[in-house]
1. Scan region A:92-113 and give yes if some residue there is in a strand (DSSP E or B), under 25 Å from the mean Cα position of the chain (by Cα) and at pLDDT 85 or above, otherwise no.
2. For region A:216-234, enumerate the residues that are buried (at least 23 other Cβ atoms within 10 Å of the Cβ) and over 25 Å from A:Ala168 (Cα atoms).
3. Looking for something within 29 Å of A:Asp361 (Cβ to Cβ), out of contact with any strand residue (DSSP E or B) (no Cβ under 7 Å at 6 or more places or on another chain), in a helix (DSSP H, G or I) and of a type outside the set (A, V, I, L, M) - is there at least one such residue anywhere in region A:251-273?
4. Of the residues in region B:82-101, how many are within 14 Å of another protein chain (Cβ to nearest Cβ) and farther than 18 Å from B:Arg26 by Cα?
5. Write out, first by first residue and then by second, each pair whose Cβ atoms fall under 7 Å of each other, whose residues are 6+ apart or on separate chains, and whose first residue, in region B:27-47, is without any contact (Cβ under 8 Å) to a residue 24 or more places away in the chain while the second is among the basic types (Lys, Arg).
6. For region A:505-535, what are the residues that are under 31 Å from the mean Cα position of the chain (by Cα) and more than 28 Å from A:Asn545 (Cβ to Cβ)?
7. Quick check on my filter: what residues within region A:204-225 are within 26 Å of the chain's Cα centre (by Cα) and either among the basic types (Lys, Arg) or not in a helix (DSSP H, G or I) (or both)?
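The values are calculated or read from the model by the stated rules, or taken from the named source; none is laboratory data. Quantities reported herein were computed from a predicted structural model and do not represent experimental measurements. So basically every Cβ, Gly included, is an ideal-geometry build from the backbone, and we count neighbours across all protein chains shown.
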Amino acid sequence: MLDLIWLVPALPLAGAAVNLLLGRRLGKAAGRLATALVALAFAVSVGALLDLLAHGSEERVHVTRLFDWISAGSFSVDVAFLVDPLSITMALVVTGVGALIHLYAIGYMDNDPRIGTFFAYLNLFVFFMLVLVLADNYLLLFVGWEGVGLCSYLLIGFWYERPTAASAATKAFVTTRIGDAGMLLGIVLIFVHVGSLDFGVVFDEAAGELTQGAATAISLLLLAGAIGKSAQLPLHVWLPDAMEGPTPVSALIHAATMVTAGVYLVIRSHVLFEVSGTALTVVLVIGLISALYAALASIGQFDIKRALAYSTMSQIGFMFFAAGMGFYTGAMLLLVCHAFYKALLFLTAGNVLHGLHDETDMRRMGGLRADMPVSTVWFAIGALSLAGIPPLAGFFAKDHIVGFASTSGRDLAWILATIGAFLSALYIARPLFLTFFGRRRNEERAHEAPGPMQAPLAALALLTVVGGLVLGVTPETGRLAVFLEPVVGAVEHGEGALRDGALIAISVVVAVAAVIVAYWIWASERVNWQAFPERQPELAGWLANAFYLNALYAWLVQFPGKGLGRALRVVDERVIDGAVNGVADEVEDASHLAPAIQRGFVRTYALAFLLGAVALLLFLGLRIV
Amino acid sequence: MSTPISYFLVVSAMLFSIGTIGVLVRKNALIIFMSVELQLNAVNLSLVAFSRMHNELDGQVLAFFSMVVAAAEVVVGLAIIVTVYRRRRSASVDDLTVLRG
């Protein structure tokens, strides 16, 4: 199976090709075909995983070279796929969660006339994402990286008739492009210093010969790409707007897979970041600040999907925070578990949107648990998992990371992370209570989603419940941590100011307290939360507008941009057009002289001929004489 | 003794001048056309005269050419004049000033 790894990306690619060419004719079968191919890719990935497990833990690296891609002088790049514990974990998440979301999308996109195109894009996305995670060198990774960006653009703007969707798509593409430019420079720098882009060669060289300065430069440039793709500060502004896309897209691309590519990149390149040291600290700080910032912003949102988008950003902040501490297995555990429960949350939000005819404002929901009992259960499982209520997956993942901050002696980071955990539980319990509990604020009766849409949710809910227990009960000996150890190294258990038991207790108390506070504010009817924006207009404004960073960027980019545009317009109109039009005007003025002798009387012309002929004859005659 | 060449040339020049004045002073397209024919035939006359003076046939051959071409030209020219007359009820060249600058 390991040699057949190329099938994993090839299957979704085939699906994309078929759906693009024949999507219109296939009709509803397009979704089934796309789902089946992704599920098949998942099956191949499982086969590869089993093959990998059959080897000893130190031999679990397998590179499949398909063909020479670029060969120019000393620069050569192959199309080669790397199967190791890290990449196969990512591939399993992408294909597994991806297949479930595809299955859900069949029902969700049922009435869309362009369903074939939709599934073609979705399959294309899975293909590029798999290229990204399975690539054996930075250039191939970059191809996947840009490819998922393209698909993200296409899918955010899928309903391009809506101007907001079209501009959100452009915003996402342009914003991530800023980071990607840095990443491309980083890749060039790797080649300059190492002379190869293959992961194996780069990491071997990096550990020995790379200077700290070079490693820092490379790492920070790669980090720029990671920040753009993973919507971390300061390149996060595109993610909330990206919610204009169809909900399955939000679940697959903007929650479970693509936005975690940045975390994957950092973990994959951890050798470079460690040589640098500084870069790792930057990762930690950016992650922590993003986590807290996005958590606060999420509390201010009333659009259910935007609240979830900020929650995604916050969770990825936690992943970066973990990676920045060198706790890569913790970051991966959160990545995997987050993929489960965030996909669950988004798809359940999709059920709500479906049931309420695309109503996204939580102020006009409330009390939906009577109409949608099953969806309520799904959302509750997802939300409580994110909040960190044991024994759900999110509890283990987040608890490990927060606890690691303490056991590795970073007390300030631990305090901030604990605050972040409290805010996470608060912001995710909020949509749960606002949407499904409390007073009914919408006359319309919602209808529960049909069975085919509930099946993938049941699977995701199951994964959310057992994921943590199966993959990582403890930070050091969890299954995922042990599995990933050959790639990212073992987790060292340090001694912090607090004992493990105390850390876990604090973590649980914080989560439970936050959920209770959320219930008290948003569901108990004792707090008039709807009056909050009037009572505290400033604070509400800061939260709802995510601290006005969007406005700040708009101001920073817009004013110089418009000024430059105006200046260029003057140059264009006065100098360039002026020169061209000036020449034309002169020619036109000169041409007004000609009509004076073109009076239209034939006799005038005849006379002119005669005079000309006489003049010529006189001239010739005089010369001869 | 044959007639001196100058007699022919004088007649030819007189015909050509009459034709030229006709072209310049008349308005009616048909008259102008006739005047042009007069000019052509004036030239034909001098061609034939020179041909006889030099005892060579080149000039006469050229005169035949110009007659044939003139005949063809008359066909086309008359057709144009008739068409213009039908559309405008006038054969005056002074009315045909649409293409002035």
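1. So in region A:92-113, the residues in a strand (DSSP E or B) come out as none.
Checked against the condition, which is being in a strand (DSSP E or B), under 25 Å from the mean Cα position of the chain (by Cα) and at pLDDT 85 or above, region A:92-113 yields no hits at all.
2. Quick first cut of region A:216-234, residues buried (at least 23 other Cβ atoms within 10 Å of the Cβ) only: A:218-219, A:222-223, A:225-232.
Residues satisfying the conditions are A:Ile218, A:Ser219.
3. Step one: list which residues in region A:251-273 are within 29 Å of A:Asp361 (Cβ to Cβ), which gives A:251-260.
Next cut, out of contact with any strand residue (DSSP E or B) (no Cβ under 7 Å at 6 or more places or on another chain) only: A:251-260.
When the remaining residues are screened for being in a helix (DSSP H, G or I), the result is A:251-256, A:258-260.
Filter once more, so that each one left must be of a type outside the set (A, V, I, L, M): A:254, A:260.
There is at least one residue in region A:251-273 that is within 29 Å of A:Asp361 (Cβ to Cβ), out of contact with any strand residue (DSSP E or B) (no Cβ under 7 Å at 6 or more places or on another chain), in a helix (DSSP H, G or I) and of a type outside the set (A, V, I, L, M).
4. Qualifying residue count for the region: 4.
5. Going by the 7 Å Cβ cut-off, the qualifying pairs are B:Ser35/B:Arg26.
6. A:Ser507, A:Val508, A:Val512
7. Narrowing region A:204-225 to residues within 26 Å of the chain's Cα centre (by Cα): A:215-225.
Selection gives nothing.
Yes/no matrix, rows are residues, columns are (1) away from every other protein chain (no Cβ under 14 Å); (2) outside any helix (DSSP H, G or I):
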{"residue": "A:Ile576", "(1), (2)": "yes, no"}
{"residue": "A:Val587", "(1), (2)": "yes, no"}
{"residue": "A:Pro595", "(1), (2)": "no, no"}
{"residue": "A:Arg599", "(1), (2)": "no, yes"}
{"residue": "A:Ala606", "(1), (2)": "no, no"}
{"residue": "A:Leu610", "(1), (2)": "no, no"}
{"residue": "A:Ala613", "(1), (2)": "no, no"}
{"residue": "A:Phe619", "(1), (2)": "yes, no"}
